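Below is one structure, written out as structure tokens, with a few remarks after it.
The values are calculated or read from the model by the stated rules, or taken from the named source; none is laboratory data. Bear in mind the structure is a predicted one, so any value in this text is a computation, not a measurement. Because the Cβ atoms are built from the backbone with ideal geometry, glycine has one as well, and the counts that use them run over all protein chains shown. Heads up: the accessible areas ignore ligands, DNA and RNA and are worked out on the full protein's heavy atoms, side chains in. Shrake-Rupley method; radii C 1.70, N 1.55, O 1.52, S 1.80 Å.
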Amino acid sequence: MRVVVTGATGNIGTNTVRALAADPGVTAVTGLARRAPGPDADPVADPNDGGGGKVEWAEADVTDTDLVPLMRGADAVVHLAWLFQPTHRPAVTWDANAVGSARVFDAAARAGVPALVYSSSVGAYSPGPKDRPVDESWPTHGWPGAAYSREKAYVERLLDAFEALHPECRVVRIRPGFIFERQSAAEQRRLFAGPLLPGRLARPGLIPAVPDLPGLRLQALHSADAGEAFRLAVTREVRGAFNIAADPVLDAAELADILGARTVRVPARGVRAALAAAWALHLVPASPGLFDLALQIPLMDVSRARDELGWTPRRTAREAIEEFLDGLRTGAGRDTPPLSPGTGGPARAREFATGIGRKP
């Protein structure tokens with residue numbers, strides 16, 4: 001098989017490329033990204049992975065590159081490219097995520113690609129319960145207050161239309177929870193916390209308390225386990241949507257235990273007001289809409305991924321968070337523009353200079 005992966009240099013992309021390249025049934029992987037990775041970004045540099053020489057890279061932007069020639073002859077396309085920032089300029093993320101996804105799907109159809117795998121999200125789901133898991137039939141209308149959720153829900157509708165027009169193409173939608181690993185720490189700190197968060201604070205015992213917010217129950221998984229789910233979706237004859245997440249569910253008590261802190265019951269309204277003020281002042285990049293979304297997304301039932309996709313996470317959600325926190329403390333990353341600790345510049349100067357929450 002030859003597989004094309006968009007967004008191949010990001011958190012999910014690097015692990016998906018690695019998983020695909022290590023599969024003996026995959027003969028070639030073409031990684032597409034807006035910016036080329038560095039010389040040390042080879043995801044299969046470890047000879048034990050068994051995928052050396054399979055990966056080639058191509059610079060491509062889903063908003064304006066002619067993708068058809070890059071996809072022609074591929075056996076599958078994995079669409080992972082997604083822009084989280086700038087939250088203060090939603091037209092920019094809409095163009096990359098909604099319009100860009102439409103261009104990817106259209107190119108796949110025109111190139112005659114027989115399988116399309118898309119990275120959806122728990123954020124595509126409508127608000128749902130926190131006391132029981134929901135399966136893949138739960139509505140995917142998103143939460144209108146968050147651009148991320150609106151865009152994920154819109155792309156779900158694009159795929160509905162795509163499947164109706166192209167029944168010959170096998171379509172898979174992977175809906176992950178929150179995805180973490182050690183090497184994603186620098187990128188996720190830039191995207192959601194901004195340059196004012198000292199990484200050394202991520203050490204157990206230094207944070208005295210974790211807010212115990214109503215609705216704070218989230219699911220997470222390790223990036224490598226996410227990459228494995230996408231590999232399985234490519235190589236197995238499955239269709240439809242699959243929820244993926246690891247145990248345990250992360251609540252305030254679990255997070256406090258990881259951080260060696262105590263829980264403090266606080267009203268969500270006060271926390272949201274503080275975040276909204278910080279976002280309006282360009283002190284943090286994460287919008288208050290993302291905070292609202294986190295408190296309203298449902299818990300997901302992952303049994304279909306286990307039973308039909310054959311996916312079982314190798315790491316717990318707690319292990320993924322612990323790795324991520326270690327990455328924050330040590331400045332971990334990879335030699336790709338999204339994941340590199342140096343992307344923010346010395347002393348994170350570039351993040352300040354380009355405007356927190358105003359630039360991709």
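The table for this structure:
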read-out	value
Qualifying residue in the range 279-292 (condition: more than 21 Å from Pro86 (Cα to Cα) and outside any strand (DSSP E or B))	no
Test: residue in the range 295-308 that is among the hydroxyl-bearing types (Ser, Thr, Tyr), in a helix (DSSP H, G or I), modelled with pLDDT of 95 or more and closer than 19 Å to Glu228 by Cβ	yes
Residues (among the small types (Gly, Ala, Ser), closer than 18 Å to Asp307 by Cβ and surrounded by 17 or more Cβ atoms within 10 Å (Cβ to Cβ)) located in the range 206-251	Ala229, Ala233, Ala241, Ala245, Ala246
Out of Leu309, Leu299, Leu339, Leu290, sole residue that is crowded, with 17+ Cβ neighbours inside 10 Å, out of contact with any helix residue (DSSP H, G or I) (no Cβ under 6 Å at 6 or more places or on another chain), in contact (Cβ under 8 Å) with a residue 24 or more places away in the chain and within 26 Å of Ala8 (Cβ to Cβ)	Leu290
Given (1) touching a His at 6+ places or on another chain (Cβ under 9 Å); (2) surrounded by fewer than 21 Cβ atoms within 10 Å (Cβ to Cβ), index of the condition Gly199 fails	(1)
Which listed residue, of Glu323, Glu319, Glu351, is modelled with pLDDT of 95 or more, in a helix (DSSP H, G or I) and open to solvent by less than 60 Å² (accessible area, probe 1.4 Å)	Glu323
Cross-chain or 6+ apart pairs with Cβ under 9 Å, the range 101-113 first and closer than 17 Å to Lys152 by Cα and modelled with pLDDT under 95, then part of a loop (DSSP other than H, G, I, E, B) and β-branched (Val, Ile, Thr)	none
Filter result for Ala332 (of a type in the set (A, V, I, L, M, F, W, C), more than 30 Å from Pro133 (Cα to Cα) and modelled with pLDDT under 90)	no
Residues satisfying the stated conditions in the range 163-192, i.e. of a type in the set (Phe, Trp, Tyr) and more than 20 Å from Arg314 (Cβ to Cβ)	Phe192
